[in-house]
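Student: I'd like to ask you about the structure that follows.
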Amino acid sequence: MEQRRSFIKDLLQSTDVDRDINAKGWVRTKRGNKQVAFVALNDGSTINNIQIVIDIANFDEDQIKNITTGASISVNGTLVKSMGKGQSVEIQAKEIKIYGTADPETYPLQKKGHTLEFLREIAHLRFRTNTFGAIFRIRHAMSFAVHKYFNDRNFYYLHTPIVTGSDAEGAGEMFRVSTLDMKNPPKTEDGEIDFSEDFFGKETNLTVSGQLEAELGATALSNVYTFGPTFRAENSNTPRHLAEFWMIEPEMAFYDIDDDMDLAEDFLKYLIKYALENCKDDLEFLNKMYDNELIERLNSVVENKFERITYTEAIDVLLKADQKFEFPIKWGSDLQSEHERYLVEKYYKKPVMVSDYPKIIKAFYMKQNDDGKTVRALDVLFPRIGEIIGGSQREEVYEKLLDRIKEMGIPEKDMWWYLETRKFGTVPHSGFGLGFERLILFVTGMSNIRDVIPFPRTPKNAEF
RNA sequence: UCCUCAGUAGCUCAGUUGGUUUAGAGCACCUGACUGUUAAUCAGGGGGUCGUAGGUUCAAGUCCUACCUGGGGAGCCA
């Protein structure tokens, strides 16, 4: 009878030895001599490999030859206590089946390390490295933790549209969605492209944010969140931006800006704590290989209260700073990266939540303060990352919201559905957006956002 | 998009102020040695139109121009 396959993660933790088992996976390395060969096997269930011991006398020579780095195999054998150092258990092989060989001359992954830049060019194979195995296991764990956090707190997961007919979010350039013949599009009488002929009968784009739709859900379900892909056609070439990225956007009825801040802080701490508790091996690997202060930094974020300051207080701190900034700071201008970095890394030395920004530099939907100058906006600034969360209390007063829409030249007719929530049973409400990949950057200690999403979409790059 | 650095073997790099016949090294790979290895070790071997296209020069991996690709920084933001 075929032995049932065990995951390597479970085998390595097992104390029940001298029993027959089956393991399947991909060969990481093989070494040895004429008598015995040692194969390090990995199946993705853990960063750790299990050692397969092969008595060469008992196997066909050609078969052993084909067990090379990258080959996929199934091993029947006995789980035994290891005679060597470095592992407590290993598999004494009885029978090996090779599913697929990997020609050592052309298989691009070798035993020794590769640069992250090179691995990006072979994104289809980089999952097979320790680094990317660790990153994507952590990414999964964080994704799961997001749902768990909200589910346990009476939030509903709301699926907002990917294709949107509203271009009013103002969160950046959008990707057009169209089925028109680009070489010969239908034209109106004035020579413009006639989008009434298009699939949806109007101009449509990929979403840049699910926030406005999430607000609609929150005005009935109380607490909702979105977690989906968003798209920005900005020509941003930085280690912190993607054209396609995942965003988490909770939206809460009856929340003011302080409630919003409480949730943001609690949420971030929960996620980081979840990683510390559930991704120990992977974090230790990343800590050792990429960022010696990673685990220490994660712990410090979980243990310390975030600093909460207003934009105006932030400006005061920056004006008194004993440091020259490339961009001089003044009230009314947005904080530049160098300013954010000073506040987080030099002055407070912990995450900082900045609120109440000048309304002229923020979006139309943010709740206006009584001073007439500021809005209840909220940015959470993290060490190394900068802005990890952007949010606000939303303007719930119909007239004030309409004024801002007019002032900022947003097409009012496209916003009728959004405005109606302020006409019928309007409530104070708040929300924020968390860039999922930026969270993963922080948690893994990676420095380029292209390394924390399986298949990064960036300007001039949509391979795979 | 702007500034800046880089592109030489499968990978990571060296290649001096342009000039010593076939452009080097380490790792990887192949062959051999070794009774249990831990990124094993040791010996030998194969492997390169020097990112692309022009240009300067008696002579270009090396200098100039444009473009492409990648890194870092900035802007936009999450």
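The values are calculated or read from the model by the stated rules, or taken from the named source; none is laboratory data. Remember, it's a predicted structure, so these values are computed and weren't measured experimentally. Cβ: placed from backbone, ideal geometry, glycine included. Neighbour counts: every protein chain shown.
Student: Which condition number in (1) surrounded by 14 or more Cβ atoms within 10 Å (Cβ to Cβ); (2) within 30 Å of residue A:269 (Cβ to Cβ); (3) at pLDDT 90 or above is the one that residue A:185 fails?
Tutor: Residue A:185 satisfies all of (1) surrounded by 14 or more Cβ atoms within 10 Å (Cβ to Cβ); (2) within 30 Å of residue A:269 (Cβ to Cβ); (3) at pLDDT 90 or above except (2).
Student: Being under 28 Å from residue A:315 (Cβ atoms) and touching a residue at least 40 places away in the same chain (Cβ under 8 Å) is the requirement here; does residue A:454 meet it?
Tutor: Working: under 28 Å from residue A:315 (Cβ atoms): no; touching a residue at least 40 places away in the same chain (Cβ under 8 Å): yes.
Criteria not met by residue A:454.
Student: Out of (1) surrounded by fewer than 21 Cβ atoms within 10 Å (Cβ to Cβ); (2) in contact with a Leu (Cβ under 7 Å, 6 or more places away or on another chain); (3) under 27 Å from residue A:424 (Cβ atoms), what's the single condition that is false for residue A:226?
Tutor: (1) is the only condition that residue A:226 fails.
Student: Moving on. Would you mind stating whether residue A:208 is surrounded by 15 or more Cβ atoms within 10 Å (Cβ to Cβ), in a loop (DSSP other than H, G, I, E, B) and in contact with a strand residue (DSSP E or B) (Cβ under 9 Å, 6 or more places away or on another chain)?
Tutor: Working: surrounded by 15 or more Cβ atoms within 10 Å (Cβ to Cβ): yes; in a loop (DSSP other than H, G, I, E, B): yes; in contact with a strand residue (DSSP E or B) (Cβ under 9 Å, 6 or more places away or on another chain): yes.
Judged against the criteria, residue A:208 is a match.
Student: Can you tell which of A:53, A:89 is assigned by TED's automatic domain parsing to the domain that holds residue A:31, within 8 Å of RNA strand B (Cβ to nearest atom) and either under 25 Å from residue A:20 (Cα atoms) or not basic (Lys, Arg) (or both)? First the steps, then the outcome.
Tutor: Numbers: A:89 fails: within 8 Å of RNA strand B (Cβ to nearest atom).
One residue alone meets the criteria, A:53.
Student: Still on this model: Against the conditions (1) within 16 Å of RNA strand B (Cβ to nearest atom); (2) out of contact with any Lys or Arg (no Cβ under 6 Å at 6 or more places or on another chain); (3) of a type in the set (A, V, I, L, M), where does residue A:319 fall short? Just the number, please.
Tutor: Result: residue A:319 passes all but (1).
Student: Here are A:43, A:60: which of them is at negative phi, of a type in the set (D, E, K, R), touching a helix residue (DSSP H, G or I) at 6+ places or on another chain (Cβ under 8 Å) and more than 10 Å from RNA strand B (Cβ to nearest atom)? Give the derivation first.
Tutor: Details: A:60 fails: touching a helix residue (DSSP H, G or I) at 6+ places or on another chain (Cβ under 8 Å).
When all the criteria are applied, what remains is A:43.
Results for (1) part of a loop (DSSP other than H, G, I, E, B); (2) within 25 Å of residue A:142 (Cα to Cα), shown as yes or no for each residue.
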| residue | (1), (2) |
| --- | --- |
| A:172 | yes, no |
| A:182 | yes, no |
| A:202 | yes, no |
| A:220 | no, no |
| A:227 | no, yes |
| A:242 | yes, yes |
| A:247 | no, yes |
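Student: Give the range A:311-345 a look and list any residue that's among the polar types (S, T, N, Q) and touching a residue at least 60 places away in the same chain (Cβ under 8 Å), or say none.
Tutor: From the range A:311-345, those among the polar types (S, T, N, Q) are A:312, A:323, A:333, A:336-337; that's our starting set.
A:312, the sole residue that qualifies.
Student: Please give the number of the condition residue A:12 fails out of (1) assigned to a helix (DSSP H, G or I); (2) surrounded by fewer than 15 Cβ atoms within 10 Å (Cβ to Cβ).
Tutor: In the conditions (1) assigned to a helix (DSSP H, G or I); (2) surrounded by fewer than 15 Cβ atoms within 10 Å (Cβ to Cβ), residue A:12 misses (2) alone.
Student: For residues in the range A:65-86 being surrounded by fewer than 18 Cβ atoms within 10 Å (Cβ to Cβ) and under 21 Å from residue A:3 (Cβ atoms), which is nearest to RNA strand B (Cβ to nearest atom)?
Tutor: Among residues in the range A:65-86 that are surrounded by fewer than 18 Cβ atoms within 10 Å (Cβ to Cβ) and under 21 Å from residue A:3 (Cβ atoms), the one nearest to RNA strand B (Cβ to nearest atom) is A:82.
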